[in-house]
1. Criterion first (in contact with a strand residue (DSSP E or B) (Cβ under 8 Å, 6 or more places away or on another chain), surrounded by fewer than 20 Cβ atoms within 10 Å (Cβ to Cβ) and either within 12 Å of chain B (Cβ to nearest Cβ) or in contact (Cβ under 8 Å) with a residue 24 or more places away in the chain (or both)) does A:Ser75 satisfy it?
2. Please indicate, with yes or no, whether at least one residue in the range A:166-182 is more than 30 Å from A:Gly375 (Cα to Cα), hydroxyl-bearing (Ser, Thr, Tyr), outside any loop (DSSP other than H, G, I, E, B) and in contact with a strand residue (DSSP E or B) (Cβ under 8 Å, 6 or more places away or on another chain).
3. Which pairs do you get when a residue that is within 14 Å of chain B (Cβ to nearest Cβ) and free of Cβ contacts under 8 Å to residues at least 40 places away in the same chain, found in the range A:237-266, comes within reach of a residue that is surrounded by fewer than 19 Cβ atoms within 10 Å (Cβ to Cβ) and part of a loop (DSSP other than H, G, I, E, B), reach meaning Cβ atoms under 6 angstrom, with the pair 6+ apart or on two chains?
4. Quick check, is B:Ala165 in a strand (DSSP E or B), hydrophobic (A, V, I, L, M, F, W, C), at negative phi and surrounded by fewer than 17 Cβ atoms within 10 Å (Cβ to Cβ)?
5. So which residues in the range A:113-145 are away from every other protein chain (no Cβ under 13 Å) and either in contact with a helix residue (DSSP H, G or I) (Cβ under 6 Å, 6 or more places away or on another chain) or buried (at least 24 other Cβ atoms within 10 Å of the Cβ) (or both)?
6. For the range B:80-118: of the residues being crowded, with 20+ Cβ neighbours inside 10 Å and among the basic types (Lys, Arg), which is nearest to the other protein chains (Cβ to nearest Cβ)?
7. Of all residues in the range A:159-184, which are modelled with pLDDT under 95 and more than 13 Å from chain B (Cβ to nearest Cβ)?
8. Please work out which residue is nearest to B:Asp132 (Cα to Cα), limiting yourself to the range B:26-81 and to residues that are part of a strand (DSSP E or B) and charged (D, E, K, R).
Amino acid sequence: MAAPKHLGMAIGVLLVAFAPAKRAWSQVDLVSRETFTGLLDLRLSATTGERSFVDGDFGKLRFDGGGSTVKIRPSLADAAIAWRPRLSWAWSATVHAEMQDGVKPDLIQAYFTYKPTPKSATRFQARMGLLYPEISLEHEGALWKTSYTITPSAINSWVGEEVKPLAVEATVRRPIGDHEFSATAAVFDYNDTSGTLLTFRGWALHDLKAPTRHEWALPPLDNFIKGPQSRESYPVRHIDDRIGYYGRLEWAPPIGATFNLFYYNNLGDKTSKDWDKQWSWATEFWNGGVNWALNDKVRILGQVMSGRTLMGFKGPKTIWIDMDFASAYVLATRKIGETDQLTGRLEFFRTRDNSPQSGGYAFANRIAADRKEDGWAMTAAYKRTLTPNAALFFEALHVSSERKARVLTLTPQGQAQTMFQTSLRLSF
Amino acid sequence: MGMRSALLFVIALLFAAPAMAADLTVTIRSTSGQSVRDAVVTLQPTAAQAPAPIRFSWPYKVTQQNLQFDPFVLIVPQGSEVSFPNKDGVRHHVYSFSSAKPFELKLYGKDESRSVKFDKTGIVALGCNIHDGMVGFVIVVDTPYAMKSDASGSVTLRGAPAGPATLRIWHPYMKAGNNQIERRIVVPAGGMTEAVVVQLRPAPDHSRSY
């Protein structure tokens, strides 16, 4: 529970350190109406298949399925608020909290932004605090909400739940001829458990965001790992004393497309743990992204992610956990008229366990401890902007996956789920 | 002025003035055949001009509304004072680092305005340091023959002097050196119509922000 305490202190110290000089007071805006952004997401969902991972099961979706029948659930899916005070002409802050259906109310992001007025075509920006690195092409704004669908891809669902570090990040942007380039470098901590949920549950598709002080439930664990590892995973934790880093390059040639490449490594020592049985996972991944506007109406997005996560000591043959993970999606979206937007997305995901024997010698547990997964999903969404402050989404999503560890819930390894959702987003 | 010189003056006016003022119409299309709006057409006559204050019919004003600069492109004569009223519910921070006029208007809110004097000719790209998606341009000129194209991609410069001149067409997203093409033309006394095809690159996408 060290994270929020340190975080609060860090914010306090920075607030004092960067308190604006007297003459710049006109540039300060701490609590005007303009500094607050909020959003309500009213949801009606109908879901088949497994119980949700939110309840500690293997279900891939945010809401429980009704098995072979449909489970209907109206909910206030999300009530979010962001406070963005302006501290001086170049410094601002973002404090973002949410009450998400299925997760305890919590702080989501809290960071400072330093953005001086450009003096040339080279632009500079720095962010520091608890924040989402720029990986997702599907999220936007202070509240980090999805733009085209209700449910983000498996890649960005995972970013939302386990890639939220306390980081110091700097970005430089500059055009060279008709091409625009940007480079970001960051160091971070408090993301030591990243990879836990992905390992034990596998990939998932949902629009939940990592709580800061609270936890994710994990599905049942195999007989070996359930000794050392808690059934709860805290996504924002400092366990070992290693600082991780990430970097990002972006290139926008004058063809309406932007390409980016992102690399993350939390440099975890794999073997440190705290009293809550949270471990310092060693997680690294690459993410490549393309955002291509074919014309005024049609846009294609794609991301590919590939990484590896390790944890624990050396077992009978290998380290306790050594897993490769990969996923890719393609999303096409088309504006229809002034207010509507139609989106389709296709994606694949997989994990490969490089340490299946680590569960011990019992045959049954070897299956339970095999983190191998293969799956795919298809999503269609329709968005209508009703007013500048209201939007209505309809979404149909089908996800199918094979996972050996489902033996732990005595369910077939292959599972499919279909979900229809409608969401009314009201912002202020 | 004597009777004779007055008569000569009238004759000169009768013959010279109407004969020498021509209307020049320029239509601008992209290589894909679409009309190009917001292209700036300027005509610089080669013959020396009598210095006279230049005045355009449109207001010298760039409003910030719906997180955009309106107009996207504004042409003003050199030495003009341009106002930047904010009509949005949020505050803006307008700046430019263009060499023709680097400036910065720090944060100001709804129904407030600031102004900037543009004393050098050239292209001044506008940005808002809060909203990266806001892009606009002030084009500072020293010729009275300047106008931007409308939605049909058309511009008519009225009363241009007949004779040799330089015609320039600029657009922020034109694929050409300095986003501009230049032609030497001779404006006939009866006026002329010029069709121009330009190559545009897609407008940069600044819609995302982290």
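The values are calculated or read from the model by the stated rules, or taken from the named source; none is laboratory data. Keep in mind that what you see is a predicted model, and the values were worked out from it rather than measured. Cβ sites come from the backbone with ideal geometry, for glycine too, and all protein chains shown count toward neighbours.
1. Working: in contact with a strand residue (DSSP E or B) (Cβ under 8 Å, 6 or more places away or on another chain): yes; surrounded by fewer than 20 Cβ atoms within 10 Å (Cβ to Cβ): yes; either within 12 Å of chain B (Cβ to nearest Cβ) or in contact (Cβ under 8 Å) with a residue 24 or more places away in the chain (or both): yes.
For A:Ser75, the condition - in contact with a strand residue (DSSP E or B) (Cβ under 8 Å, 6 or more places away or on another chain), surrounded by fewer than 20 Cβ atoms within 10 Å (Cβ to Cβ) and either within 12 Å of chain B (Cβ to nearest Cβ) or in contact (Cβ under 8 Å) with a residue 24 or more places away in the chain (or both) - is met.
2. Residues of the range A:166-182 that are more than 30 Å from A:Gly375 (Cα to Cα), as a first pass: A:166-182.
Restricting the remaining residues to those that are hydroxyl-bearing (Ser, Thr, Tyr) gives A:171, A:182.
Next, only the ones that are outside any loop (DSSP other than H, G, I, E, B) stay: A:171, A:182.
Right, trim to in contact with a strand residue (DSSP E or B) (Cβ under 8 Å, 6 or more places away or on another chain) and you get A:171, A:182.
Yes, the conditions are met somewhere in the range A:166-182.
3. A:Gly256/B:Pro202
4. Values: in a strand (DSSP E or B): yes; hydrophobic (A, V, I, L, M, F, W, C): yes; at negative phi: yes; surrounded by fewer than 17 Cβ atoms within 10 Å (Cβ to Cβ): no.
Spelling it out, it is not the case that B:Ala165 is in a strand (DSSP E or B), hydrophobic (A, V, I, L, M, F, W, C), at negative phi and surrounded by fewer than 17 Cβ atoms within 10 Å (Cβ to Cβ).
5. Across the range A:113-145, the qualifying residue is only A:Leu130.
6. Within the range B:80-118, the match that is nearest to the other protein chains (Cβ to nearest Cβ) is B:Arg91.
7. A:Ile176 - this is the single residue of the range A:159-184 that is modelled with pLDDT under 95 and more than 13 Å from chain B (Cβ to nearest Cβ).
8. Of all residues in the range B:26-81, those part of a strand (DSSP E or B) come to B:26-30, B:35, B:40-45, B:61, B:63-65, B:68-70, B:73-77, B:80-81.
With the extra rule that they be charged (D, E, K, R), the set shrinks to B:29, B:61, B:70, B:81.
Values: B:Arg29: 28, B:Lys61: 21, B:Asp70: 15, B:Glu81: 25 Å.
Across the range B:26-81, the extreme among qualifying residues is B:Asp70.
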